[in-house]
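Remarks on the structure that follows.
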Amino acid sequence: MALERTFSIIKPDATARNLTGKINAKFEEAGLRIVAQKRIQMTKAQAGEFYKVHAERPFYDELCTFMASAPVVVQVLEGDGAIAKNRDVMGATNPADAAPGTIRAEFAQSVGENSVHGSDAPETAAEEIAYFFAGIELVG
Ligand code: UDP
Ligand code: MG
């Protein structure tokens, strides 16, 4: 399988509960390497731009308010098949449907406050990494 990079966010519900280290341990145990990482707080406008694909969905405004409500940790994860591997480690969007042992099964509070974001395809991964990181910050 090809070496890939994917984009990840540890969301406000998780940073607020001091879960950054526990979530990072899940990534590392799954063979994902954290090759870039920083803690930031997004404005609602920045969250809105990031999630613009969901602009017409009923949960969009609440989602953007939540994502701007507290600091997040934005990350680039690298590994073989990193995009799919990260989605596996995250678990289903709704924690009620997430497989045991996944991040969302263990830590998510609700379908909205579900602890992590992960890119869903190579194109979105590249776009999302470029939204938050300059090339010079990606040292591998
Ligand atoms: N979301 C929500 N309600 C829903 C579906 C999604 O609040 O019914 C939020 C949730 O935080 C989710 C994000 O919107 O992680 C993006 O939704 P998506 O369908 O892309 O899920 P993901 O890719 O994060 O699993
Ligand atoms: Mg998604």
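The values are calculated or read from the model by the stated rules, or taken from the named source; none is laboratory data. Note that the coordinates shown come from a computational prediction; the quantities given were computed from them, not determined experimentally. Here Cβ is always computed from backbone atoms with ideal geometry, including for glycine, and neighbour counts include all displayed protein chains.
Kindly indicate whether S110 is of a type outside the set (D, E), surrounded by 14 or more Cβ atoms within 10 Å (Cβ to Cβ) and within 13 Å of ligand 1 (Cβ to nearest atom). Walk me through it before giving the result.
Details: of a type outside the set (D, E): yes; surrounded by 14 or more Cβ atoms within 10 Å (Cβ to Cβ): no; within 13 Å of ligand 1 (Cβ to nearest atom): yes.
It is false that S110 is of a type outside the set (D, E), surrounded by 14 or more Cβ atoms within 10 Å (Cβ to Cβ) and within 13 Å of ligand 1 (Cβ to nearest atom).
If you take just the helices (runs of 4 or more DSSP H) that sit entirely in the range 3-99, which of them hold at least 1 residues that are farther than 18 Å from S119 by Cα and not small (G, A, S)?
Working: elements: 12-16, 20-29, 44-50, 60-67, 82-90.
So the answer is 12-16, 20-29, 44-50, 60-67.
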With the condition kept exactly as written, say whether any residue in the range 92-103 is at pLDDT 95 or above, exposed (fewer than 15 other Cβ atoms within 10 Å of the Cβ) and at positive phi.
-> yes
Test: residue in the range 4-14 that is surrounded by fewer than 16 Cβ atoms within 10 Å (Cβ to Cβ), more than 21 Å from I129 (Cβ to Cβ) and at pLDDT 95 or above = no
